[in-house]
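Engineer: Handing you a structure now.
The values are calculated or read from the model by the stated rules, or taken from the named source; none is laboratory data. Remember, it's a predicted structure, so these values are computed and weren't measured experimentally. With ideal geometry, Cβ positions are generated from the backbone for all residues, glycine too; neighbour counts draw on all protein chains shown.
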Amino acid sequence: MRTQIFDIEMATYKKKGGLKKDKISKVEEQSTTAEVFNTLDETASKSEQWVEKNSKPLFAGLIVVLALVLGYLGYNKYIQGPKEKEAADELAYPKSFFDQAQTGAAAVDSLYNLALNGADGKYGLLDIIDNYSSTNAGNLAKYMAGISYLKMNDYQNAITHLGDFSTDDEILGALAKGNIGDAFSEINQPEEALDYYIKAANFKSNDFTSPMYLFKAGNIAMDLGNYKKAEELFTKIKENYSKSDEGKKIDIYINRAQLATQK
């Protein structure tokens with residue numbers, strides 16, 4: 001009987017002990033949570049103090065950013081936008097002469113002159129470059145002016161205007177650099193021509209301009225006696241553009257460069 005009472009008391013004791021541990025655990029948990037909230041409160045308080053202390057510079061900075069954004073949007077809408085339209089309208093007149101000259105119409109030089117200088121009070125390409133250089137039309141006018149000068153054998157002006165032209169278009173960008181190469185070739189500066197032909201070939205690789213300018217570069221390298229470079233350029237056509245017009249006949253040029261290297 002005593003043994004049973006003892007066992008009951010021990011069980012009760014253990015249960016009480018277990019309850020005590022649960023209470024301790026909950027207290028510890030509540031204490032940790034409180035500590036976390038206190039830390040957050042302190043951090044928030046410091047942040048508020050920092051914001052309060054720096055509110056004027058922050059507000060001034062926000063005003064500056066807002067002014068810049070609104071200024072940019074306003075500039076595009078009320079200044080640049082109308083200017084772009086005006087420049088595009090002006091470009092239509094000289095472009096018509098440029099397009100006629102490009103199709104091989106009679107009196108080509110006269111057409112290019114009209115394109116460059118305008119007539120009857122209308123702007124030519126050079127006027128558009130001067131007055132609308134920051135517009136897309138002004139940029140395109142630089143390309144057309146460069147081609148016009150090139151066709152009229154004014155190679156220095158061709159180099160200048162084509163060099164000022166910029167674009168991400170894979171064909172037009174390559175043609176601009178390639179035509180600079182043509183201009184340098186015409187004024188007997190083959191090293192510069194080679195450099196620009198390679199730039200044209202590497203400008204956003206494509207199956208049209210890349211093999212064309214690699215081929216031109218290879219032939220210039222041959223003229224310069226740089227046969228290894230020529231072989232390298234011709235081989236690139238064979239490896240990457242074998243189906244192009246240049247690629248179909250490139251083996252002859254590779255063999256020619258290899259034979260020249262062995263001499």
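Engineer: What's the number of the only condition in (1) within 21 Å of K83 (Cα to Cα); (2) surrounded by 22 or more Cβ atoms within 10 Å (Cβ to Cβ) that A158 fails to meet?
Structural biologist: It fails just one condition, (1).
Engineer: For residues that are under 14 Å from F215 (Cα atoms) and outside any helix (DSSP H, G or I), tally how many sit in the stretch 168-200.
Structural biologist: Qualifying residue count for the region: 0.
Engineer: Within the set of pairs 6+ apart or on separate chains, which have a first residue in the stretch 193-205 that is assigned by TED's automatic domain parsing to the domain that holds A174, a second that is outside any helix (DSSP H, G or I) and of a type in the set (A, V, I, L, M), and C-beta atoms under 8 Å apart?
Structural biologist: L194/L224
Engineer: Let me ask another. Applying the selection to the stretch 162-178, what residues are loosely packed, with under 15 Cβ neighbours inside 10 Å and touching a Ser or Thr at 6+ places or on another chain (Cβ under 9 Å)?
Structural biologist: I171
Engineer: List every residue pair whose Cβ atoms lie under 6 Å apart, where the two residues are 6 or more positions apart in sequence or sit on different chains, the first residue falls within the stretch 120-138 and is in a loop (DSSP other than H, G, I, E, B), and the second residue, located anywhere, is among the hydroxyl-bearing types (S, T, Y).
Structural biologist: Listed pairs, sorted by first residue: K122/Y93.
Engineer: Name the residue that is nearest to the chain's Cα centre (by Cα), counting only residues in the stretch 111-142 that are exposed (fewer than 13 other Cβ atoms within 10 Å of the Cβ) and closer than 21 Å to T160 by Cα.
Structural biologist: S134
Engineer: In the set A137, A174, A158, which member is among the aliphatic types (A, V, I, L, M) and farther than 27 Å from A230 by Cβ?
Structural biologist: Exactly one residue qualifies, and that residue is A137.
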